[in-house]
1. Based solely on C-alpha atoms, express the radius of gyration and the Dmax of the chain in angstrom.
2. Considering amide H positions built from the backbone, and no H for Pro or chain starts, which residues 5 or more places from VAL739, or on another chain, come under 5 Å of its amide H?
3. Just list whichever of LYS153/LYS560; LYS16/LYS628; LYS299/LYS416; LYS33/LYS245; LYS436/LYS489; LYS454/LYS554 have alpha carbons separated by over 27 Å in the model shown.
4. Assuming R0 = 35 Å, what is the FRET efficiency of GLU678 and SER72, from their Cβ-Cβ distance, to the nearest 0.05?
5. With N denoting the number of residues in region 537-663, provide Rg(C-alpha) divided by 2.2 N^0.38 Å, to two decimal places.
6. Note the full-extension length gain between ARG328 and ASN697 as 0.36 nm times their separation in residues minus their Cα-Cα distance, in nm to one decimal.
7. Return the FRET efficiency for the residue pair TRP113, LYS305: r is the Cβ-Cβ distance, R0 is 41 Å, and the value is rounded to the nearest 0.05.
8. By how many nm would the segment from ALA143 to ILE41 lengthen if fully extended, with 0.36 nm per residue of separation less the alpha-carbon distance?
Amino acid sequence: MTKALTIPEPAPLVRKEPPSVAGGLPAVVSGMKHALGQAGIVRGARLLRTLNQFDGYDCPGCAWPDPDGERSVFEFCENGAKAIAEEGTPLRVAPEFFARHSVAELAAQSDLWLGKQGRLTHPMVLRPGASHYAPLPWDEAFALVADKLRSLKTPDEAVFYTSGRTSNEAAFLYQLFARALGTNNLPDCSNMCHESSGTGLSETIGIGKGTVRLDDFLHARVIVVIGQNPGTNHPRMLTALQQAKRAGAKIVSVNPLREAGLLRFKHPQEVFKGATDLTDLFLQVRINGDVALLQGLGKALFESKAVDESFVRDRTENYLNYSAHIERSDWADIVFSSGIREESIREAAALLASTDRIIFCWAMGLTQHENAVDNVREIVNLLLLRGAFGKPGAGVCPVRGHSNVQGDRTMGIWEKPKPAFLDALDKATGISAPRKHGLDTVEAIHALHDGRAKLFFALGGNFVSATPDTDYTAAALRRAVLTAHVSTKLNRSHLVTGETALILPCLGRTERDGGQLVTTENSMGVVQTSRGRMPPASEHLLSEPAIVARLAEKTLPSSKVRWNWLAEDYDRIRDLIAQVVPGTENYNERARRHGGFYLPNGPREGKFLTPTGKARFTVHDLTRNQLKSGQFLMMTVRSHDQYNTTLYGLDDRYRGLKGDRRVVLLNAEDVDALGLREDQRVDLVSHFRGETRTAQNFRIVAYDIPRGCACTYFPEANALVPARHVARGSNTPASKSVVITVEQRA
Ligand code: SF4
């Protein structure tokens, strides 16, 4: 008799003083515990041996680049080791597992439990009215999706979502399939993360990507890390910051939380060397106080006459509007909205005024606000004032959180494709791609919710946990005629299903794919090869390109595109990419070079690719978040034991929190002011345009965070983030500034 699964109790919370040093032996121990503990010593060691090596595979974690030159034998971080351990686990989720556990039973389990059940082995279907998933042959699975697609009134009733783990080859084939079918509904996880960066940078410097290379960190004199927690989300970046410090750079960190990874770093491979102080000046900004701070820096630069006049004159436009706006700005407003003292802002500005070798690095802490695009454009304003573009050690560095999210966009995964890309695609493939823009992630949720979209297909990811407004998004998915997920492991999205649901298990990045190699693009725009070497978790798995090709053959039997022929040899896909994507000429030969190749990057080469060829200053209102009494501005974050929606464990080591994830971090004085106490359980209520949303049963944690600010983990707090609470211009969910109140539980 199968033992019924029990409903998990919330884990107790164990608190320690947050460490002031990141990395070191604890990182090694944690990484090895996962890699060797979870995958097994032999398998774990094999997985680590080729991780991020020239002839190995690209880490499925974040998109921090590998060194162009010599690579360390251990060219990975703690979280990279955890990421491959998840893929290398010997545990399997086979048909018997699904026969034992109904969808309802599984849905009651925690995200951590679901993720730890192991690798999916067979295609599975949940038929209308069924309580359990059942196995089905691949061909039947493709026929089922093809029938559903053909049953739609228009191709625009289908949504093709992509997560950033998808390789360039799979992404190119996927967008080609959706466009051959007749839709641009190609939302991706970038819509929820750096879309604001792409929008802000494209408008001002003419490219939606970072402009620096890894070795620029050695030439930078000042590095500003703002709205980013590299110690957890891009750990090998700490090595670059350490090398920059040793080369004489100054680091300014801007964050509502004093994250360990911003303070000091002990390189795990430097056993006999001590830790390095990273941050020279820490600015503990209020949540969403960034525009105010960045304008304050501009004001201080003007007042200290630290403007590179010739650069501004020759290379930029709209300077007068910007300078007049900054001149009119008021220090009292700047200090109030940023939460930073005027003298500290002037101290930071003095560092910027001392050089033109300045790099700004950022992540979600800047991109998930209503005024997120303004944040990005204000950074560009400062760099233009200092002439910090197109030279070693200078430029912008939006650090991507998913290993190939930038590559997917380059391959055409975008709901707003440029006409030139579609023209080249039509010419190279013989399809006639639709020109009408498609749905981004938030628009897709609304369309599924109100019935304009009826079919949801995801290439990777965990949509219902990654997106905002959890209950609303879940309701939207449940209205679909079909939800289908190409996945490696079990996750919550498999349990929030349409009328019919499919799980299509694919090969992982670490696994052999019939000797084929794929390519990815990192945050610095380097395209490199990745070749898995481990035996597949199951003989029934297919690669992502094979899944897309076989689905396309089934759905579009008379298509001019030879889908299976392309998937038989990925060199053919890359030859097609080279005909369509600028800068990928001779793709196959260049990708196989040692370390791959850099894609073109105008601003890096001193050219602004704007219509006028000049970089553009922009002007933004200073945000004054007028919170009512008892209200807080909440940001959702990852713990150190998490990667996007994947939970590796419950140990947020760098914040001294272990166990319970339903926690809300508040300033101790705010806890007192509310008449509440540490450890008390409360409900959180968000307030948005008269609407309220509740997330129950959170534990109060008094923490070093500015007054009026609150911090929670996602996906637990995503239910509080309204789907219509988005960034202007990029439509990115504003998960980093949600107005909440903290309610006593009855
Ligand atoms: S820094 Fe990012 S890419 Fe590098 S090993 Fe760690 S998780 Fe992987």
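The values are calculated or read from the model by the stated rules, or taken from the named source; none is laboratory data. It should be emphasised that the depicted structure is a prediction, and the values quoted were computed from it without experimental measurement. Cβ placement follows ideal geometry from the backbone for every residue including glycine, while neighbour counts extend to all protein chains displayed. These area figures cover heavy atoms from the full protein model, side chains too; ligands, DNA and RNA do not enter into them. Shrake-Rupley method; radii C 1.70, N 1.55, O 1.52, S 1.80 Å.
1. Rg then Dmax for the chain, in Å: 24.6, 79.
2. Those lying under 5 Å, H to H, from VAL739 are MET634, HIS687.
3. Values: LYS153/LYS560 23 Å; LYS16/LYS628 33 Å; LYS299/LYS416 36 Å; LYS33/LYS245 30 Å; LYS436/LYS489 34 Å; LYS454/LYS554 19 Å.
Over 27 Å apart, Cα to Cα: LYS16/LYS628; LYS299/LYS416; LYS33/LYS245; LYS436/LYS489.
4. 0.25
5. Numbers: Rg = 24.4 Å, N = 127, 2.2 N^0.38 = 13.9 Å.
Region 537-663 yields a ratio of 1.76.
6. Values: separation 369, 0.36 × 369 = 132.84 nm, distance 4.58 nm.
In short, 128.3 nm is gained.
7. Details: r = 60 Å, r/R0 = 1.46.
Once rounded, the FRET efficiency stands at 0.10.
8. Contour length minus the Cα-Cα distance gives 32.6 nm.
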